[in-house]
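Asker: Right, I'll just put the structure down here and ask away after.
The values are calculated or read from the model by the stated rules, or taken from the named source; none is laboratory data. Since the structure is predicted, the reported quantities are computational estimates derived from the model, not experimental observations. Quick reminder, even Gly has a Cβ in these numbers, built from the backbone with ideal geometry, and neighbours come from all protein chains shown. Quick note on the areas: whole protein, heavy atoms, side chains included, nothing else; ligands and nucleic acids left out. Shrake-Rupley method; radii C 1.70, N 1.55, O 1.52, S 1.80 Å.
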Amino acid sequence: MSIPFHRELRIGAYILKQKLLGRKRYPLVLMLEPLFRCNLACTGCGKIDYPDAILNRRLSVQECLDAADECGAPMVAIPGGEPLIHREIGAIVKGLVERKKYVSLCTNALLLEKKLDQFEPSPYLFFSVHLDGIKEHHDKSVCMEGGFERAVVAIKAAQAKGFAVNVNATIFDGHPPEDIAKFLDLTQELGVGVSISPGYAYERAPDQEHFLNRRKTKELFRKVFALGRGKRWKFIHSTLYLDFLAGNQTYHCTPWGMPTRNIFGWQKPCYLLGEGYAKTFKELMETTDWDSYGTGAYEKCANCMAHCGYEATAAEAMFSSPIVGMKAALRGVRTEGEMAPEIPLDRQRPAQYVFAGQVQQKLSEIRAVEAAEKAAKAARKSPATAA
């Protein structure tokens, strides 16, 4: 673990407050997507498959800050797209830091060195650099030769200016455990913490052949963690989430733990799965049929073990069963023996495909606004008509 103590303490106090208030569902991390546009086209990404009219849209600074206030989560992760493309990303981060939100700015680092002067080092800010393994795997993942070297150079440049830096890695089928272990050794050499998660099977991702199923995920991470015995890899995860990846915990996801706000609105039900949008956070929490999603409930969720769905579950488990969490932390992740029971899939409802309809609806809204703005502009230019 490499989560700063002050952050861990504050999040623990926040969870305690929610318990005392009797809240069953509450957010831990706001996933704030100010844009979908990216300067990469990764094969496993399903976040950038939109028409230009949508890719050109941005959340304003005020919309971003309002979302943080409305949600109330102690942490804000800013993915994308590529957030550094946003011209006002510095102002967005500054406003969040002033609110004492812990901000994880996710970036592929291609623009990081150029944009560093827009930010100030702070205990409330860290860059989370996308790095999907050692050079061979990362460059293949992002479909760009030289992407690995550029990311490493940017990490060191940010560290030299006093910024906290972590890396985030998405793992796909066919990634040898020995190479993942080499990557984790590298993160130790770089002095960065690491967030690691199996890739989610986006229905629109260009490469559909290399997403891990749950059994493969558990077997792979058991091998990786076995290779890490005696090493001091710094994971930005709770021990119980890592134990879950290794097949030692049976968890249901907590999609409301990391709610998403993007240019469409508040996304139902989670960061990875968009099946409708709410206008407000309150509406998201009150109108989403949470029980109809998750592994065992919905076909699209069958193989998901991503941290944005299960880290909040693990955090809840750490809080409600501290002895279990403490034992896991002391013994480390178990890499042998029988795995925890799997969630049965025989009652899951079939997948629904609504993405195209949502895109068309958003395009219609954009065109209607543009037409109204054009008409208003023309009216202002035309001479006043005599009464």
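Asker: Could you report the chain's accessible area per residue, 1.4 Å probe, as an integer in Å²?
Answerer: Ligands and nucleic acids excluded, the figure is 47 Å² per residue.
Asker: In whole Å, how far is the Cα centre of the stretch 97-176 from that of the stretch 331-365?
Answerer: The distance from the Cα centre of the stretch 97-176 to that of the stretch 331-365 comes to 27 Å.
Asker: While we're looking at this one, here's another question. Could you compute the net charge surrounding Gly332? Neighbours are other residues with a C-beta less than 11 Å from the C-beta of Gly332; K and R count +1, D and E count -1.
Answerer: +4
Asker: What Kirkwood Rh does the stretch 245-335 have if only Cα atoms enter the pairwise 1/r average? Answer in Å.
Answerer: Computed over the stretch 245-335, the radius equals 14.3 Å.
Asker: To continue, here is another question. How much FRET efficiency would the formula 1/(1 + (r/R0)^6) give for Leu20 and Gln358, where r is the Cβ-Cβ distance and R0 is 30 Å, rounded to 0.05?
Answerer: 0.20
Asker: I want to check the label-to-label distance for Ala375 and Val324. Put each point 7 Å from Cα in the C-beta direction and report it in nm to one decimal.
Answerer: Each label point is offset 7 Å from its Cα along the Cβ direction, giving 5.8 nm.
Asker: Which of Lys100/Lys216; Lys115/Lys140; Lys234/Lys282; Lys115/Lys282 have a Cα-Cα distance over 28 Å?
Answerer: Lys100/Lys216; Lys234/Lys282; Lys115/Lys282
Asker: Return the lysines within reach of Lys223: Cα separation strictly under 16 angstrom, same-chain partners fewer than 8 residues apart disregarded; answer none if there are no such residues.
Answerer: Lys182, Lys231
Asker: Here are a few candidate values for mean projected area of the Cα convex hull in nm²: (1) 18.6; (2) 22.0; (3) 24.1. Which one was actually calculated from the structure I just gave you?
Answerer: (2)
Asker: Just checking the chain: which Cys have no other cysteine's beta-carbon under 4.7 Å?
Answerer: If one checks each Cβ against the other cysteines of the chain, Cys38, Cys64, Cys71, Cys106, Cys143, Cys253, Cys270, Cys301, Cys304, Cys308 turn up with nothing under 4.7 Å.
Asker: What's the carbon and sulfur percent of the chain's accessible surface, probe 1.4 angstrom, rounded to a whole number?
Answerer: Carbon and sulfur: 54 percent of the exposed surface of the chain.
Asker: Follow-up. If I model a spin label at Asp185 and Ala351 as a point 7 Å from the Cα along the Cα→Cβ vector, what separation in nanometres do I get?
Answerer: In this crude spin-label approximation the distance works out to 3.8 nm.
Asker: Quick check: Cα centre of the stretch 6-84 to Cα centre of the stretch 203-232, how many Å?
Answerer: Cα centroid to Cα centroid, the span is 25 Å.
Asker: On C-alpha positions alone, give me the angle between the axis of helix 89-98 and the longest principal axis of the chain, in degrees, nearest 10.
Answerer: Relative to the chain, helix 89-98 is tipped by roughly 70 degrees.
Asker: Sticking with this structure for a sec: For Lys114 and Glu338, what is the calculated FRET efficiency with R₀ set at 56 Å and r taken between the beta-carbons, to the nearest 0.05?
Answerer: Efficiency, from the Cβ-Cβ distance: 0.65.
Asker: While we're here: How much FRET efficiency would the formula 1/(1 + (r/R0)^6) give for Arg7 and Ala91, where r is the Cβ-Cβ distance and R0 is 25 Å, rounded to 0.05?
Answerer: 0.60
Asker: Take Thr280 and Ala53, extend 7 Å from each Cα along the Cα→Cβ direction, and tell me the distance between the two endpoints in nm.
Answerer: So the two model labels end up 2.9 nm from each other.
Asker: How large is the accessible surface of Glu286 in square angstrom, using a 1.4 angstrom probe and rounding to the nearest 10?
Answerer: Approximately 130 Å² for this residue.
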